[in-house]
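K.L.:
Handing you this structure, nothing more for now.
The values are calculated or read from the model by the stated rules, or taken from the named source; none is laboratory data. Remember, predicted model here, so these are calculated numbers, not experimental data. For neighbour counting, all protein chains shown are included, and Cβ atoms are generated from backbone atoms with ideal geometry for every residue, glycine included. Protein only, heavy atoms only, side chains kept; ligands, DNA and RNA dropped before computing areas. Shrake-Rupley method; radii C 1.70, N 1.55, O 1.52, S 1.80 Å.
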Amino acid sequence: MTTPQPPVAPVRPHTTEWLGHTWNDDYFWLQNREDPAVLTYLEAENAYTEAALAPTAALQAQLYREMRGRIKESDLSVPVRDGDFFYYVRTEEGQQYPIYCRKHGSLDGPEELLLDVNQLAEGQAFCRIGAFAASPDHRMLAYSVDTTGAIVFTLYVKNLETGELLAEQIPNTAGGIAWANDNRTLYYTVFDDSHRPYQLYRHTLGSDPASDTLLLQEDDEKFYMGVEKTRSDAYLIVTLASMMATEVYYASADDPTATFTLMQPRQPRVEYYADHHGERFLIITNDEAENFRLMEAPVANPMRANWRELLPHRSDVLLEGMDLFADFMLLYERKGGLKQIHISQPDGSNARYVNFPEPAYTFFPESNPDYAAHSLRFSYSSLVTPRSVVEYGLDDDSWTVLKQQEIPSGYDPALYESARIHATAPDGVQVPMSIVYRKGLALNGSNPCLLYGYGSYGYSMDPIFSSNILSLLDRGFVYAMAHIRGGSELGRAWYEQGRLLHKKNTFTDFITCAEHLVKQNYTAPARLAMMGGSAGGLLVSAVANMRPELFRAVVAKVAYTNVINAMLDPNLPLTVIEYEQWGDPHDPEAFAYMWSYSPYDQMERKAYPHFFVTGGLNDLQVPYWD
């Protein structure tokens with residue numbers, strides 16, 4: 001059998017000079033989507049991939065059957081009550097996309113089909129729903145659709161009483177919307193040319209979108225804009241956020257003509273996030289509190305001078321978010337790398353924590369629209385426990401599983417074992433890992449292993465169930481998640497130690513985890529693969545440059561490998577925002593540091609692991625050439 005040969009891209013030298021440094025990039029031309037040679041080359045790469053993987057065709061087919069066999073194609077989400085309606089999503093066998101439905105009054109009532117995404121996707125190569133929000137009186141539905149994969153949405157409004165679409169369509173929206181309480185006013189954000197949500201508009205149903213009112217505009221390219229309505233239905237909140245600072249505006253949801261009022265002017269490296277309860281705003285902030293603390297301020301004047309501390313800063317607990325109900329205050333925290341839920345009365349009394357049934361787990365709040373609710377709905381999971389929708393009683397701490405992810409082909413959690421282990425980094429820091437494998441695994445170094453990581457933006461990677469991983473575990477794999485610096489698993493300092501001029505800690509932590517797995521005989525370099533996506537693709541690519549002999553294979557999904565070229569182009573989506581994550585290339589020290597690890601710029605002629613790389617033609621966040 002002839003070994004397929006990779007395509008050879010034409011060499012077109014491109015010289016860049018920056019801060020006294022000069023370099024050539026022979027493939028800079030790939031950024032030009034309009035050049036026919038670009039698409040020709042990408043198609044040749046796809047053909048090469050198909051040919052190179054042809055010997056695995058039978059295995060691919062088997063894996064596909066296994067993974068599809070674990071998906072319940074005809075399924076129904078747990079209905080969520082909102083007012084007099086029960087909203088839910090269902091899927092049908094043979095259909096690729098979800099169907100949004102509701103019932104009135106009772107689950108025994110007739111089904112009302114709101115949106116069939118399969119119909120919207122007809123004739124499209126791609127389809128995704130962004131916003132999906134019924135008006136307060138439940139007569140109108142606002143939803144947005146992306147049919148390119150570029151995460152740019154067109155906003156539509158449907159009359160749910162007649163089934164008709166309103167004439168207006170609003171393009172270039174960012175996906176987030178909010179209704180005023182008059183049921184005919186919509187607030188939405190739009191993108192600038194760099195794919196940054198930067199403007200807030202007000203739209204009145206039935207009017208020409210060209211006449212919509214611009215309410216706020218953010219000109220600082222480091223900040224992006226989001227809009228939402230509080231669960232109390234009293235206020236609209238606009239949050240302007242960069243990587244390291246925020247600013248909040250608020251307006252009455254009862255008055256569609258109201259202007260938005262600034263809560264507190266932005267300050268460097270100060271973040272604050274606000275929600276509403278009664279006569280006060282509750283505010284989470286890192287002002288004088290690295291791991292954040294909880295404040296309250298009167299609605300009448302919520303400026304910083306009137307903030308009062310409710311919950312002080314704790315060095316060992318990261319305060320990540322909150323949910324406010326009429327009779328309860330819920331705080332989402334992280335301690336020792338694990339998420340937890342702090343429950344109390346609105347004044348902070350009767351405080352306690354949810355007891356979770358496993359030593360390593362994760363949860364995500366589900367939709368909880370009812371402000372008067374005395375229960376919290378969240379999704380619970382672990383590396384061995386399928387996703388479970390739990391209703392937790394806030395009065396009696398009851399735990400009711402409403403639905404658990406069904407594995408049609410069968411699944412026995414007793415066959416698998418998960419653990420939390422730690423590896424010691426060169427500077428002595430203990431780096432946690434979550435691992436899972438079939439029980440009875442022999443620690444003799446012969447097991448294949450997949451090590452996954454991310455480690456950027458303060459995003460924490462939690463031990464969550466994936467039915468696809470079972471195809472690895474059942475073939476003797478160890479699956480490991482490295483909770484490396486750059487995330488927030490161990491608090492805000494964990495994030496700070498993995499960004500800007502400390503970014504290499506992310507890579508060395510990951511190497512430490514790989515070395516620990518080898519040292520403890522979970523695997524061996526010849527049997528070890530690593531995987532990461534987006535900024536995680538940067539991680540695994542940088543690690544491959546640093547320690548190629550430690551890994552056999554690399555899966556780099558939409559990998560951000562082209563750091564220098566990207567950060568030097570402010571016209572690329574989100575580049576200026578990213579300065580606070582990677583560094584500003586106008587700073588010589590930051591530029592030199594980024595250059596020292598940028599995977600594309602640090603490639604050498606040496607023996608690398610095998611790479612499987614994916615990219616999207618229309619991906620605006622990590623373009624295919626990155």
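K.L.:
Could you work out how far the C-alpha centroid of the stretch 187-242 sits from that of the stretch 423-486, in angstrom?
P.N.:
40 Å
K.L.:
Scan around Val478 for amide H atoms under 5 Å from its own, H built in the peptide plane at 1.01 Å from N, and keep only partners 5 or more places away or cross-chain.
P.N.:
Result for Val478 returns Cys449, Leu450.
K.L.:
When you count, for each residue, the other Cβ atoms within 10 Å and take the mean per peptide, how do 158-169, 129-140, 435-446 rank with the highest first?
P.N.:
129-140, 435-446, 158-169
K.L.:
Met594: net charge of surrounding residues, Cβ under 12 Å, Lys/Arg +1, Asp/Glu -1, itself excluded?
P.N.:
Values: positive: Arg499, Lys503, Lys504; negative: Glu578, Asp584, Asp587, Glu589, Asp601.
Every neighbour counted, the sum reads -2.
K.L.:
With r as the distance between the Cβ atoms of Asp316 and Phe612 and R0 = 41 Å, compute the FRET efficiency 1/(1 + (r/R0)^6) and round to 0.05.
P.N.:
0.55
K.L.:
Further, regarding this structure: Quick one: if you stick a label point 7 Å off each Cα along the C-beta vector at Glu549 and Ser211, how many nm between them?
P.N.:
In this crude label model, Glu549 to Ser211 measures out at 7.3 nm.
K.L.:
When Lys and Arg each count +1 and Asp and Glu each count -1, what net charge do the other residues less than 13 Å away from Leu451, Cβ to Cβ, add up to? All intermediate terms of the calculation are to be shown ahead of the outcome.
P.N.:
On the way: positive: Arg527, Arg547, Arg552; negative: Asp509, Glu515.
Neighbour charge sum, excluding Leu451 itself: +1.
K.L.:
Suppose R0 equals 51 Å. What FRET efficiency, 1/(1 + (r/R0)^6) with r the Cβ-Cβ distance, do Asp108 and Gln267 give to the nearest 0.05?
P.N.:
E between Asp108 and Gln267, to the nearest 0.05, is 0.40.
K.L.:
Restricting attention to the alpha-carbon atoms of the chain, what are Rg (one decimal) and Dmax (integer), both in Å?
P.N.:
Rg and Dmax of the chain, Cα atoms, are 25.3, 77 Å.
K.L.:
Skipping prolines and chain starts, which residues have an amide H placed within reach, meaning under 5 Å, of the one on Gln497, given they are 5 or more residues away or on another chain?
P.N.:
Here the answer is Gly486, since their amide H atoms fall under 5 Å of that of Gln497.
K.L.:
Would you list, by chain and number, the aspartates and glutamates whose Cα falls below 19 Å from the Cα of Lys335, excluding same-chain residues fewer than 8 positions away?
P.N.:
Qualifying aspartates and glutamates at Cα under 19 Å: Glu290, Asp316, Glu320, Asp323, Glu358, Asp462, Glu489, Glu496.
K.L.:
What net charge do the residues around Ile177 carry, taking every other residue with its C-beta under 10 Å from that of Ile177, with Lys and Arg at +1 and Asp and Glu at -1?
P.N.:
0
K.L.:
Which value in nm describes the separation of the simple spin-label points at Lys72 and Gln119, placed 7 Å from the Cα toward the beta carbon?
P.N.:
For the pair Lys72/Gln119, the computed spacing is 2.6 nm.
K.L.:
Could you give the nm distance between label points at Asp327 and Gln345, where each point is 7 Å from its Cα heading toward the beta carbon?
P.N.:
About 1.2 nm separates the two model spin labels.
K.L.:
Related question: Quick one: 3J(HN,Hα) in Hz for the stretch 207-219, Karplus 6.51/-1.76/1.60 with θ = phi - 60°, rounded, Gly and Pro as x.
P.N.:
Per-residue couplings from phi come out as 9, 6, x, 5, 9, 4, 8, 7, 9, 9, 9, 10, 8 Hz.
K.L.:
Which whole-Hz ³J(HN,Hα) couplings does the stretch 125-141 yield from phi under the Karplus relation 6.51 cos²θ - 1.76 cosθ + 1.60, θ = phi - 60°, glycine and proline marked x?
P.N.:
Karplus-based 3J(HN,Hα) across the stretch 125-141 equals 6, 7, 7, 9, 8, x, 7, 8, 8, 7, 5, x, 8, 6, 9, 10, 10 Hz.
K.L.:
Would you kindly derive the ³J(HN,Hα) couplings of the stretch 316-322 from the backbone phi angles with the Karplus curve 6.51 cos²θ - 1.76 cosθ + 1.60 (θ = phi - 60°), listing them in order in whole Hz, with x for Gly and Pro?
P.N.:
10, 10, 9, 8, 9, x, 8
K.L.:
Right, next: How large is the accessible surface per residue of the chain, computed with a 1.4 Å probe and reported in Å² as a whole number?
P.N.:
Result: 45 Å² per residue.
K.L.:
Follow-up question, since we're still on this one. If one puts a single equal scatterer on every Cα of the stretch 127-222 and applies the Debye formula without solvent, what log₁₀ I(q)/I(0) results at q = 0.22 Å⁻¹?
P.N.:
-1.15
K.L.:
Set the bar at 23 Å for Cα to Cα. Now go through Lys439/Lys519; Lys158/Lys229; Lys439/Lys504; Lys339/Lys504; Lys222/Lys339 and name every pair that lies beyond it. Mind showing how you got there, number by number?
P.N.:
Numbers: Lys439/Lys519 20 Å; Lys158/Lys229 20 Å; Lys439/Lys504 35 Å; Lys339/Lys504 26 Å; Lys222/Lys339 29 Å.
Those over the limit are Lys439/Lys504; Lys339/Lys504; Lys222/Lys339.
K.L.:
Roughly speaking, what is the stretch gain from Lys439 to Val401, that is 0.36 nm per residue apart minus the C-alpha to C-alpha distance, in nm to one decimal?
P.N.:
Going from the current span to full extension adds 11.1 nm.
K.L.:
With r defined as the distance between the Cβ atoms of Asn172 and Asp35 and R0 fixed at 25 Å, what FRET efficiency is calculated, to the nearest 0.05?
P.N.:
Details: r = 25 Å, r/R0 = 1.01.
Approximately 0.50, to the nearest 0.05.
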